[in-house]
Amino acid sequence: MSLEHNPRIVFCTTCKGRTEHLQRTLPESLAANAGYANCKFVVLDYGDSGELHEYFRYNHQEEPRLVVYRHDAPGAFHVSHAKNMAARCGMLEGADILVTLDADNTTGMRFAQFVADKFSEPKTWPGIFLCPDFPHIQSLPYGPERPLRGFAGRLAIRAQDFIKLGGYDETFDTWRGEDIDMISRLRRIGYHMRTIPNGFLKVIPHNADVRFKEYPHARELYENKRQVPIINARTETVVNHGKFGIGAVHRNYLNETIDLKPLPTRIFGIGMQKTATTSLHKAFQLLGYDAFHWGTGEAPLIWQEMNANGRSSTLEQWYALTDMPIPLLYQQLDKAYPGSKFVLTVRNETDWLKSVERLWDPKFNPTRWVWDAYPFTNTIHTVMYGQKDFDAQIFLERYRRHNAEVKAYFSGRPRDLLVLDIDGGYHWSYLCDFLGAPIPDAPYPFENRTVEVSRPASAAEAAVLMRACPPELPREVYPIQAGPPPLFAREIASDITIRERYNQWIRTGPNYY
């Protein structure tokens, strides 16, 4: 997935006992990226003794690109938690792309522009990440062409992808391969590696004593070459169950506390088809999530992988997923991706049944023939309903049973399940409160909504629909009067232009599901 050519790039640096290094590398990195306006530098003071705070009291006070966060970390430096927390702080600063930058590293000249250019690469799904070219570097003789030890932590990744991976695995609590593990997990899911030229990998030389000052026992693991194949042999992809980088931080040493809470591992829309799943999908996109709805061939893969393996690398390429086969898999998804959130969309069951009947009818669904040409749709419908052909009684019973079973399964877990009634209001309020997300500056989307012509509208519906009518069309052609519905075929057929314009309004107007 490519980004716009001017993405917000945030360099994330952790510091505890490394002020001596940072006061040399930070000014150089700031100067080296002065030409790229849309970047920031986030430094996480991870329980430093006070030397770092003292440095910032007298330096960089007028630097708008620099933000310092403080976390009063107890105990020893926890490398993965610290990196995750710095990344979470970078997200608070609006990061599109996160760059992990160790305190003893400088970026090299115009590195931010290099990162932006690389991430503008088109047609690369699910996306790319940047890291050092380890095999090439290891093949070089020691000398000026080979970066000094300490470059391995450099990683550039989309913020959304960082969340999808669950960040660095926090079981890596010391310096011992958390970066290698992250790269391996990215590649297991299908991300494409792009390498950082050696000229950007500038490191202040120092011995390993600094790294292992707080946990000397970890030194043998870090320097043991047998650890790399062990890490690469792992099968994990998504880690931490949403609990990564959590804790309290203070921005620029102010008293106000910012509480970094768990993030959903994934978000699943588990309402049945024709319950505004397309609208929910669009809402997820407006919230900035990588969202999936049926896809272009991925749905069968998700179904097969989940049933065969208990998880799906195809699914893991997205963050918020709706539509078939997701509603059928909610129990497996809950077990495979702990910490996820589930949204059950529901609607008036009579309206739902009429909408589904139209979906099955080739007169209303021009792509109905595809179900027979590519039988996965018929297969998944048979799993859901027990048959592939529409039957009102069977479908309605299944709709009721699905909703009841979902509610029973999540009973006592209000933080994990939201029942979103699309016939009600305040959709953004309920959804964003449930997800812990800010409400977008846009109306809640209603996609694929159909104006019902076979039943009379209520007085309230009529008033709303009257206001929504295109003013250039005669109002008598709309099914908006309270009471018996008008005879649309007779009223519209006499004017083909009006009929076409009316049908276009039905498809694209403001009142659709």
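Quick look at the numbers
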read-out	value
Matching residues in the stretch 434-461 - criterion: being at pLDDT below 55 and of a type in the set (A, V, I, L, M, F, W, C)	451, 453, 457, 459, 460
Residue within the stretch 394-408 that is in contact (Cβ under 8 Å) with a residue 12 or more places away in the chain and part of a loop (DSSP other than H, G, I, E, B) present	no
Qualifying residue in the stretch 91-101 (condition: more than 20 Å from residue 175 (Cα to Cα), modelled with pLDDT of 95 or more and in a helix (DSSP H, G or I))	yes
Qualifying residue in the stretch 299-317 (condition: assigned by TED's automatic domain parsing to the domain that holds residue 410 and touching a strand residue (DSSP E or B) at 6+ places or on another chain (Cβ under 7 Å))	yes
Selection count where residues are under 15 Å from the mean Cα position of the chain (by Cα) and under 24 Å from residue 21 (Cα atoms), scope the stretch 85-96	2
Unique residue being surrounded by 16 or more Cβ atoms within 10 Å (Cβ to Cβ) and in a loop (DSSP other than H, G, I, E, B) when the list is 390, 434	390
Residue that is in a helix (DSSP H, G or I) and buried (at least 16 other Cβ atoms within 10 Å of the Cβ), where the choices are 160, 113, 138	160
All positions within the stretch 38-58 that are outside any helix (DSSP H, G or I) and at pLDDT below 95	47, 48, 49, 50
Test: residue in the stretch 320-328 that is touching a residue at least 60 places away in the same chain (Cβ under 8 Å) and either outside the structural domain of residue 279 (by TED's automatic domain parsing) or within 30 Å of residue 166 (Cα to Cα) (or both)	yes
Test set (1) within 22 Å of residue 346 (Cα to Cα); (2) assigned to a loop (DSSP other than H, G, I, E, B); (3) touching a helix residue (DSSP H, G or I) at 6+ places or on another chain (Cβ under 6 Å) - residue 268 fails condition number	(2)
Near pairs, Cβ below 7 angstrom, 6+ apart or cross-chain, from the stretch 130-145 (of a type in the set (Val, Ile, Thr)) to any residue that is surrounded by 15 or more Cβ atoms within 10 Å (Cβ to Cβ)	137/146; 137/147; 137/198
Contacts under 6 angstrom Cβ, first residue in the stretch 31-52 being more than 17 Å from residue 95 (Cα to Cα), partner part of a loop (DSSP other than H, G, I, E, B) and among the polar types (S, T, N, Q), 6 or more apart	32/107
Single unsatisfied condition, residue 366 versus (1) in contact with a Lys or Arg (Cβ under 8 Å, 6 or more places away or on another chain); (2) surrounded by fewer than 17 Cβ atoms within 10 Å (Cβ to Cβ); (3) without any contact (Cβ under 8 Å) to a residue 24 or more places away in the chain	(1)
Options 73, 32: the member that is modelled with pLDDT under 95, buried (at least 16 other Cβ atoms within 10 Å of the Cβ) and of a type in the set (A, V, I, L, M)	73
Residue among 283, 308, 291 that is under 17 Å from the mean Cα position of the chain (by Cα) and surrounded by fewer than 21 Cβ atoms within 10 Å (Cβ to Cβ)	291
Criterion violated by residue 152 - all others in (1) surrounded by fewer than 22 Cβ atoms within 10 Å (Cβ to Cβ); (2) assigned to a loop (DSSP other than H, G, I, E, B); (3) touching a Ser or Thr at 6+ places or on another chain (Cβ under 6 Å) satisfied	(3)
Checking residue 147 against (1) part of a loop (DSSP other than H, G, I, E, B); (2) surrounded by fewer than 18 Cβ atoms within 10 Å (Cβ to Cβ), the condition it does not meet	(2)
Options 169, 179: the member that is of a type outside the set (Phe, Trp, Tyr), more than 25 Å from residue 123 (Cβ to Cβ) and in contact with a helix residue (DSSP H, G or I) (Cβ under 6 Å, 6 or more places away or on another chain)	169
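Condition check ((1) loosely packed, with under 14 Cβ neighbours inside 10 Å; (2) at pLDDT below 95; (3) under 30 Å from the mean Cα position of the chain (by Cα); (4) of a type outside the set (A, V, I, L, M)) across all residues:
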{"site": "170", "(1), (2), (3), (4)": "no, no, yes, yes"}
{"site": "192", "(1), (2), (3), (4)": "yes, no, yes, yes"}
{"site": "204", "(1), (2), (3), (4)": "no, yes, no, no"}
{"site": "229", "(1), (2), (3), (4)": "yes, yes, yes, yes"}
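The values are calculated or read from the model by the stated rules, or taken from the named source; none is laboratory data. Keep in mind the model is a prediction, meaning the values are calculated, not measured. For neighbour counting, all protein chains shown are included, and Cβ atoms are generated from backbone atoms with ideal geometry for every residue, glycine included.
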